[in-house]
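Below you'll find the structure, written out as structure tokens, and then a few comments.
A short reminder: the numbers here are calculations on the coordinates, not readings from a lab. Just so it is clear, the structure is predicted and the values come from calculations on it, not from any experiment. Cβ coordinates were reconstructed from backbone atoms using ideal geometry, including for glycine residues, and neighbour counts include every protein chain displayed.
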Amino acid sequence: MFFFGKRSQSVNMDKNTLPVHIAIFLDGNGRWASQRGLPRSAGHREGANNLKKIVRYSHEIGIKYLTVYAFSTENWSRPKDEVDALMSLLLEFLKNADKEIAGKNIKIKVIGDSNGLTEDIKKEIVRVTENTKNNNGLTLVIALNYGSRSEIVEMVRRIAIDVKKGGLNTDAINEQLVSNYLYTAGLPDPDLVIRPSGENRLSNFLLWQSSYAELWYSNILWPDFSKKDLLHAIEEYQRRNRRYGGVGK
Ligand code: FPP
């Protein structure tokens, strides 16, 4: 049992049945900023700061994988100054990641199409991935220039190339093989997907991987999403009966 201030605010979370993999939409930064008369970029900065807090806390309570939707293949259509602000925030986040989060035994992985990212960012991705590859606590997966549909197209293209080269037999194509050709190869599927800020969409995020995920929506804007909100989402996940198409317990 975790207590937050008053006893009435306690959260009943079972440490033994935690979701292994949680995926989060970092949504609502723009609205958080507008509500305060600030530029949207200030909301993204606050969102990035909140992410650090939630990553450290997730690690502390024993979550093994956390995937966050930082920038989608569709986000390039935003105004140039917002895209630039997001890219410099991402660069800064990656540069400081070893010191601020990875030092806590956190492994960092980035998924998405690296084409289209600047050389600076690509270099940081390689560096931070290499520097944290032996950490065995939580794995933070940053989805950057990520879109499920383009991931699926890329998977099909790579399978076709391997079949054409003769190294892969079409009879060997099954669900496991498809998973192995996605950016998320080697990662377990998400158990719980959290979408704050009142949006109830999938927005091209982990469509294949989230087939059996439990979804948790809330009106809280991402910069306000607290440790307690995370525990509430986990608690609700633990109350659900995952049936995987069967009849359940
Ligand atoms: C969508 O909601 C959010 C994004 C497109 C960007 C999320 C990125 C960050 C929080 C910062 C960078 C990430 C990392 C990993 C350092 P929105 O903010 O556009 O929300 P709105 O619907 O309120 O406008």
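The order of 178, 110, going from fewest to most other C-beta atoms within 10 Å of their C-beta, is 178, 110.
In which sequence would 73, 170, 129, 67 go, from the one with the fewest C-beta neighbours within 10 Å to the one with the most? Before the final figure, lay out each step's value.
Working: 73 18, 170 7, 129 14, 67 25.
Ordered from fewest to most neighbouring Cβ atoms within 10 Å, 73, 170, 129, 67 come out as 170, 129, 73, 67.
For the chain, the dipole from Cβ point charges (+1 on Lys and Arg, -1 on Asp and Glu) about the Cα centre works out to 580 debye, to the nearest 20. Hydrophobic long helices, here whole DSSP H runs in the chain with Kyte-Doolittle means of at least 1.0 and Cα atoms spread over 15 Å or more along the helix axis, are not found.
D by Stokes-Einstein for the chain, Kirkwood Rh over Cα pairs, 4 °C, 1.567 mPa s: 67 µm²/s.
Given the -39500 (n - 2.57) contribution per DSSP H run of 4+ residues, what per-residue ellipticity at 222 nm results for the chain, rounded to the nearest 500 deg cm²/dmol?
Working: 7 runs with 101 residues, N = 249.
Value at 222 nm, helices only: -13000 deg cm²/dmol.
Taken along the Cα-to-beta-carbon direction at a fixed 7 Å, the label points for residue 123 and residue 162 span 3.3 nm.
Distance between the 7 Å Cα→Cβ label points at residue 228 and residue 88: 3.6 nm.
Put in order of Cβ neighbour count within 10 Å, fewest first, the listed residues 124, 151 become 124, 151.
Between beta-carbons, use under 14 Å as the cut-off and find the net charge around residue 65, counting Lys and Arg +1, Asp and Glu -1. Each step should come with its number before you reach the end.
Working: positive: 64, 107, 109; negative: 189, 191.
The answer is +1.
Cβ-Cβ distance of residue 57 and residue 80, R₀ of 25 Å, FRET efficiency by 1/(1 + (r/R0)^6): the value works out to about 0.15. The stretch 111-130 and the stretch 172-249 have Cα centres separated by 25 Å.
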